[in-house]
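Colleague: Please see the structure below; I have some questions.
Computed from the coordinates by the stated procedures, all read-outs in this text should not be read as laboratory data. Note that the structure is predicted; figures quoted are calculated from it, not measured. All Cβ positions, even for glycine, are placed from backbone atoms using ideal geometry, and neighbour counts span all protein chains on display.
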Amino acid sequence: MTGDDRQLALDFARAPSGRTFLKRQYVAFPFHLTRPFDDGHGLFVILQSLGAGLLQGDRFAAGIVAGEGTRVTIRTQGATIAHAMPADDAWQHVRLDAHPGSRLVWQPRPLVLFPGARVRTSLEVVVHDGADVMWCDAFLPHDAGDPGKHFTSLQSETVVRADDGTLMALDRARTTGRDLACAGVAVHGTIGLVGGGAAAPGLADILSEAVMLSGAYSGVSSLPGECGLLVRILADDGAMLARAVDDVMTAVAQCPRSVL
Amino acid sequence: MTDIRALLAALRMGDSAFPSGGFAFSWGLETLVEDGKVNDGAGVLEFARGQLRNRWATADRVMARRAAETRCDEEWSDLDRMLDAMTLASELRSGSCQAGRALLRAHAGLGNPAALRWRRLVAEGRARGHLPVVQGAVWAGSGMTMAVLETLSAWTLASGIAQAAIRLSLTGPLEAQAILAEVTDDIAGILAAPPPDEPHAFTPLADIAVMRHERGEVRLFAN
């Protein structure tokens, strides 16, 4: 899903002063953008949803472009609830384009999968030379007061490409609520970092120690071709996941040549 | 190849005496034991089933089949690159490549033409030699049918896990055989269903274990 199908298109640019500003925006239902502000590290944007979450038949797409030399952090305000979908599934697609010298952080709250939910979610990251990108991706099943019921299916894909189209990393998973319950998985989270910032000496060890503070079962490893780092998290609940993500973000922010 | 000859070839290539280097890998089991996530034979069985259903059946099998269905160097390289991009834990990548290259060495030594071509691809930096695609190419090159090739690929994974469990003192040899007998049904069930259109994998617990293994102090296995 691309082009005119998008409900959200944000284009960030760098002003002559060096500050990042929102150059162009297209925001349609269900998205709503709060007023961007400079948090001292770059432009900070909070994305809200005016809808009830993901419903059957939803086809949402977003495109975010971090122009040359920009610094952008985008967070969603709350988790996205995926409701029961008896007749059709729901899709959501996000594309991030990080141009040379930009630093882009994409930090959505988790996807909460209610019984009967059928969701396809994809994140496409395009990294130009000298750009740094950090992203989060998390989901958790929720029985919504109906014990023993599970979400129907989740198809999740994160693909990272260089600007010439070269495939750098591909995280493609398919699972069901029943399989997750059998495996004892409560909350699953991933944090990815690509670009030169992720190659900072010792960063993998720093993140490994940081994420363990939350109590989550977690690991950190280098991505294929040493293009970045990946943090995997299995948490007991959403609060533990949030702590783990915060611990990683803090550790990254404190690191020299940080992405943040 | 007659059925008996195909069976004998599969037995020979799947035998632990065949120099494929599979003994060096636990695919995350070593760390899961160290972290208290797997403590006994039941845990080993669950781990083996998870690896077979959520990684081998959905990713390795697909890539092995695709590698078996072509004789084109460029397609082999593309498959190898895709598998590399999909293998997100460093020691899973290195383990897959080490095992694949060991298999290549053995088959090249036996004069398998596909193995000789694959070794050239690796030497030229056009492929890293990931195990599933090497298995598909080399075993198809030795005349195996797809059904035998797939069965052998799944079996070597299960067998490797069982051997790792014995070396980690999780099970004795007899219990390991009982586990293998159990997963026989899983493998048969997987092979009775068509493979997915696109490769995918979801083994978060094992992935994390392999990632943590990188920072482990005492390591019996390479992953």
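Colleague: To the nearest Å, what is the center-to-center distance of region A:51-124 and region B:129-187, using C-alpha atoms only?
Modeller: Result: 39 Å between the Cα centres.
Colleague: Determine, from the Cβ-Cβ distance of residue A:161 and residue B:42 and an R0 of 45 Å, the FRET efficiency 1/(1 + (r/R0)^6), rounded to the nearest 0.05.
Modeller: Between residue A:161 and residue B:42 the formula returns 0.60.
Colleague: With the crude spin-label approximation of a point 7 Å out along Cα→Cβ, what separation in nm comes out for residue A:120 versus residue B:4?
Modeller: Spacing of the two 7 Å Cα→Cβ label points: 5.1 nm.
Colleague: What does the highest-first list of A:188-197, B:194-203 look like by mean Cβ count within 10 Å?
Modeller: A:188-197, B:194-203
Colleague: While we're looking at this one, here's another question. Within chain B, what is the longest stretch that has no GluC sites (Glu not before Pro) placed in a DSSP loop and near at most 16 other beta-carbon atoms within 10 Å?
Modeller: Of all site-free stretches, the longest is B:125-216.
Colleague: Could I ask something else about it? Provide the net charge surrounding residue B:136, with neighbours chosen by a C-beta distance below 12 Å and charges set as Lys +1, Arg +1, Asp -1, Glu -1.
Modeller: That works out to -1.
Colleague: In addition: Measuring from label point to label point, each 7 Å out along Cα→Cβ, what is the residue A:212 to residue A:5 span in nm?
Modeller: So the label points at residue A:212 and residue A:5 sit 4.4 nm apart.
Colleague: On to the next question. Relative to the first principal axis of the alpha-carbon coordinates of chain A, what is the inclination of helix A:238-253, with its axis defined by its Cα atoms, in degrees from 0 to 90 and to the nearest 10?
Modeller: Relative to chain A, helix A:238-253 is tipped by roughly 10 degrees.
Colleague: How much net charge surrounds residue A:60 when only other residues with a Cβ under 13 Å from its Cβ are counted (Lys, Arg +1; Asp, Glu -1)?
Modeller: Result for the local shell: +1.
Colleague: Let me ask something else. How far is helix A:203-212 tilted off the main Cα axis of chain A, in degrees rounded to 10, range 0 to 90?
Modeller: The angle comes out near 40 degrees.
Colleague: Report the local net charge at residue A:20: Lys and Arg +1, Asp and Glu -1, summed over other residues whose C-beta lies under 10 Å from its C-beta.
Modeller: +4
Colleague: Can you give the angle from 0 to 90° between the axis of helix B:173-192 and the longest principal axis of chain B, with both taken from C-alpha atoms, to the nearest 10?
Modeller: 50
Colleague: Report the calculated FRET efficiency for residue A:182 and residue A:17 (r = Cβ-Cβ distance, R0 = 45 Å), to the nearest 0.05.
Modeller: Computed FRET efficiency for residue A:182 and residue A:17 comes out at 0.25.
Colleague: Also, quick follow-up: With a Förster radius of 22 Å, plug the Cβ-Cβ distance of residue B:105 and residue B:23 into 1/(1 + (r/R0)^6) and report the FRET value to the nearest 0.05.
Modeller: Working from the Cβ atoms, E equals 0.90.
Colleague: For residue A:26 and residue A:68 in the same chain, what is the full-extension length gain: residue separation times 0.36 nm, less their Cα-Cα distance, in nm?
Modeller: Length difference between fully extended and current span is 13.1 nm.
Colleague: Run the helix sum for chain A: -39,500 (n - 2.57) per DSSP H stretch of 4+ residues, divided by residue count, reported at 222 nm to the nearest 500 deg cm²/dmol.
Modeller: Per the formula, -4000 deg cm²/dmol.
Colleague: Taking 0.36 nm per intervening residue step and subtracting the Cα-Cα distance, what contour gain separates residue A:33 from residue A:75 on full extension?
Modeller: Gain in length upon complete extension: 14.1 nm.
Colleague: Separate question: Using DSSP, restrict attention to beta bridges with both residues in chain A and report what percent are antiparallel, rounded to the nearest 5.
Modeller: 45
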